Every structure is written in structure tokens, then in C-alpha cells.
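First up is the structure itself, then whatever we jot down about it.
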């Protein structure tokens, strides 16, 4: 089958739909290719906390300078500028799709960069715009609803969706200009060739290509119970279909490679904790993983100021830097009582629980009935170390020192807020083995400020653009593991890529 | 009563997580499967709840 259009978009997640929206607004013919038989990207599994920078030069400039500094001036500033200038469009678009955004935090100009407005969930530096929640339908996620409504809207406006049809190649003419794509329908096996002048790669990360993950991020995938050796990574979204297809095609055409990092959070793996989506919890242990108590590595050593244990970027980066990429949150009977009677110190807004109930009962169920190998409850520290594999001498040395800090009200190592200094002395002792779990990866494709895919020499591949997680390394500089990806980055870059592709099409018309 | 899952289901697994007695995630075929062709009477209420909880209104009940 041979088809013709102006613009082909590879992927129907947040970056893809916003690119399509921008191009349709300028009267272009658009085809969205999605390799899965249904619409949406990894974000379909995500309850969305949305950030939007106001359409105001002062706010945009403040956010720009903050983000550029955050990258150690290693990011492409033109890429950051695209993000801050297009961020406001996300709110307008989502609301145009008939989806309500609930404002949760409005920042004034002087608040930008103040970590207290980041509220732990995103990296602290992400206090650079107004926050919204996008509630999903039923028990579902806002991201899924956005992608579904966007597909309906794009088709209604004349765009085409090619579901279950992966793009297998991007074609260029003798001058290296994009002039088409090849695709194949997974069901009918029919080969499709599309003539087009521009392609936007919006196909997300590499999370499900294990060889790429090992090669580019250093993480080794494991089974559901994280029983493998080496640095393991628990995959939050086992069906997101993100196998680096766009990165591979860009690189094949000579596009430059960038660093790829994991966008992660902290998670106890194994049965009984979460369902196939990390947003369905079976008990309250997910809330325990947020708490600012004692966190150690397998050598029994502290590795972070636990005050920021609810900052998922911070904790997952810390965890992934530890031996075997594992960590343990450890607390004792007195803290168990504190969690149940006084209440939690950090509430995770997705699972709002003020006071935990029957922690021993929940732990016993996980250990005895669910067979979870990452949850421990013992009478002595010695037993805890035997069962968990934490080095006993190391942990005892840490406890001596840490309990002293608790007694004195001062953390001499990491300066943890004294109100979170809770000693670990009195059995039973509780621990959970926590890994860095991946939402997605960020990076791989190098782009310029027009979102054009560029070669090592900095020259653009004419007609080829990228948006979303696959080019986020240009936003972060060298992205840290745990760097936040997210819908609120993907959509502005989708708009920007759509606009730039339209400029290119109109210039060549 | 039958349970039908529309093609635009996003396979998020919420129905599987909440109602494993009725749904299963088939990762090989990349789909959510209903465990019954004909729904037992005692699971009809469960199916209604699943339809209510679905992220994208992909679960339909047909008499």
C-alpha cells in the first residue's frame, strides 16, 4: 500500500498527540503511527501531576534560568527555551480535550526555584510552574484519558491513526532529506510506504529492550521478584512497548547519540506490593517507602539525607548508586507505633494514608502468604541481617552512630532534619529492600532548538524531528538516573516539534 | 451476560489488579482477557464495578 501525507508522527503518546495537534492547527495532513493496537504511550499508565509554566515572559525567563543552571549549563539552552515557551499550551490542550485539570499549587514569580514548592514528588528544582492534577476516569489514570480523547480529536480534525502499525524505516532522498517511511501492519502483515516530507519521532524510551538497557544505562533487568544478580531494575510498565525504535532509526540515519538514563522511583518489588501498574497498591507498604527514617545499603551504610526520601529522583538515584543497586529502609517497633498512632511523616499524594494500620499483619501477609522476599520482620538485628543479607557489622556500626544522632538531635553526617531522626533500637525490627524502579528512559536522540534531529557535526537531518523522552538528554545535559521524564515535558516538545515541522513544510512548499 | 473489552483498552491492568477473578493480563498477546465467555451470575456485580473503574470506558457488559 502506498500513501501520501505531509507529516508522519511515530508514536501516539503525549509528544505524538501534541505534535499532531500543532500540525493540524496549521492545516497539515498528519498520520500518527502507533505500533501497539491501541493509542497512547507509557503515560497511559500514569496518574498525572501536571506542571505548566504560565504564558508570561517573566515566568518563562525565571524557569529557563533555573533549569539551565540545574543542568550545570550542559543542556542545550534552545531546547530548554522550547520547553518553557510551550509549557502553557499543555493546559490549554488538555482542557480543550474536555479533561478537567485540578490546580494544586500556584507559584508566584518569587516562588520559582523554591524547593518547598516542589513538595517532594518531583525533583526539588522542578518548582518552576503551576501544578495540576489530571484525574482519570474511574480508578484509571489521567494519561490514558488524554491519549484516548486526543485520538478521537485528531481523527475528527482529519488526522489519521495507523494503529498496530510500527514504522520500520525512515526514508531519505539522495540529498539526505526525509521523503517517507516504511511501516507494516502487525495483523495483516501488509507493508505500507508513506510519502511525506517530515517525520517526528515521538516513540519514547528504551525500557523494554533489555540489550539496549544494559548497554546504555547499565541496568540489568530481572524477574518480577528482582532475584537476578547485578544492578537490577524493576520495570514499572511491562507493557509500555518502549524498545528504542525511534532511537535506532535516528541513529541509522546518522543522528548523533546522547546519554540515556532511567527515569526512576523507589519500589519494593515482588508479589503483593503493586499490580502490573505501580499505581495499584495492595497494602500500605508503598507509603512506608516514602518515609524519612533510616535508609542503608547492603553494607549497612547510610547513603542519603533521608529527609528527601520522598523525592523520587533523589532516592532512586541514591539507590541505583549503591552496591547491587539495592537499599533498605529499616525501622523499629517504636517507629511502627509512631506510624500507626501518630501518623506518617510523608504522605504520597497518590495513596493518601494518614495513619498506617497493622504493619505487622501486612508484613506477615507479604512474607508468609505472598512469598515476598524483600520484606523482613525479625526480633533481632542479627536475624534481620541474616534474612536480608545486610552486612551485620556494617549495620551495627551505622546504628551506633545513627542512634547517637537521634539522641543528640543532630545528624552529623547528612544534616537530616532532626524531627525525622528516629532511633532503631527496639525489636521487632522491620525492613524492606527497595530498588530503583523505572518509569521510562530519557535521552538517546540529539536535537537542536528546532527539535530537528542532528548529526555529530551539528547539522540537521532535513525533515526529521524528535520530541518526548527520547530527546530529554538535551534538556538535562547529562541526565541523572532518576531524572524526571513526564508528560509535562513531552507535550511542550511535541508542540515545538509540530511547529518546526510545519515551518519546514511551508518553507519547502 | 458477557464482558467485552473494546480495542482502545490501554492494557493498564487496573481491572486485572482490582478484579483478578474476572480479568487476566496476557503479555504475549498484549491484551486483557476476560476469564469467562458467559459471566457467572455471582460475578455480574464485579463486572459492573470493573466497567465503572476502567480508565477509558473500554469494558462493556452485554446481555
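Every number in this text was worked out from the coordinates using simple rules, so none of it is lab data. Just so we're clear, the structure is a prediction, and the values are computed from it rather than from any experiment. Don't worry about glycine lacking a Cβ; one is built from the backbone with ideal geometry, like all the others, and counts go over all protein chains shown.
If I stretch the segment between residue A:368 and residue A:100 completely, what's the gain in nm (0.36 nm per residue apart, minus their alpha carbon distance), one decimal?
92.2 nm
Give the angle, between 0 and 90 degrees and rounded to the nearest 10, that separates the Cα long axis of helix A:14-25 from the longest principal axis of the Cα atoms of chain A. The answer is roughly 30 degrees.
If you plug the beta carbon distance of residue A:210 and residue A:186 into 1/(1 + (r/R0)^6) with R0 = 22 Å, you get a FRET efficiency near 0.55. For segment A:267-437, the relative contact order comes to 33 percent (Cα pairs under 8 Å, sequence separation of at least 6). Oblate is the label for segment A:1-63, because a/c, from the alpha-carbon gyration tensor with a ≥ b ≥ c as root eigenvalues, is 1.5 or above and a/b does not exceed b/c.
Please work out whether segment A:267-437 counts as rounded, prolate or oblate from its C-alpha gyration tensor, where a ≥ b ≥ c are the square roots of the eigenvalues and a/c under 1.5 means rounded, while otherwise a/b larger than b/c means prolate and anything else oblate? Rounded, because the longest to shortest axis ratio a/c is under 1.5. Label zone of residue A:426 (point 7 Å out along Cα→Cβ, amide N under 17 Å): in segment A:325-348 this covers A:331-343. As a length-normalised measure over Cα pairs under 8 Å and 6 or more apart, the relative contact order of segment B:2-62 settles at 48 percent. Take every pair of alpha-carbon atoms less than 8 Å apart whose residues are at least six positions apart; their mean separation over the length of chain A yields a relative contact order of 23 percent. Per-residue shielding of A:143-151, expressed as the average number of other chain Cβ atoms within 10 Å of the residue Cβ, stands at 3. Beta bridges per DSSP, both residues in chain A: antiparallel share near 70 percent.
Taking the C-alpha atoms only, the angle from helix A:57-70 to the longest principal axis of chain A is near 60 degrees. Considering all C-alpha pairs of segment B:2-62, those separated by over 20 Å amount to 12%. Shielding by partners for peptide A:131-139, expressed as the average number of C-beta atoms from other protein chains within 10 Å of each residue's C-beta, is 4. A straight chain from residue A:419 to residue A:401 at 0.36 nm per residue would run longer than the Cα-Cα distance by 4.8 nm. For chain B, modelled as a GNM whose springs connect Cα atoms under 10 angstrom apart, the maximal fluctuation among B:24, B:41, B:50 occurs at B:41. Angle of helix A:142-156 to the longest C-alpha principal axis of chain A, folded into 0 to 90 degrees and rounded to 10: 10°.
Using a ≥ b ≥ c from the Cα gyration tensor of segment A:333-373 (square roots of the eigenvalues), is it rounded, prolate or oblate, where a/c under 1.5 gives rounded and otherwise the larger of a/b and b/c decides, a/b for prolate?
On the way: a/c = 2.89, a/b = 1.53, b/c = 1.89.
Oblate, since a/c reaches 1.5 and b/c is not below a/b.
Here the extension length gained between residue A:152 and residue A:282 equals 43.4 nm, from 0.36 nm per residue of separation less the Cα-Cα distance.
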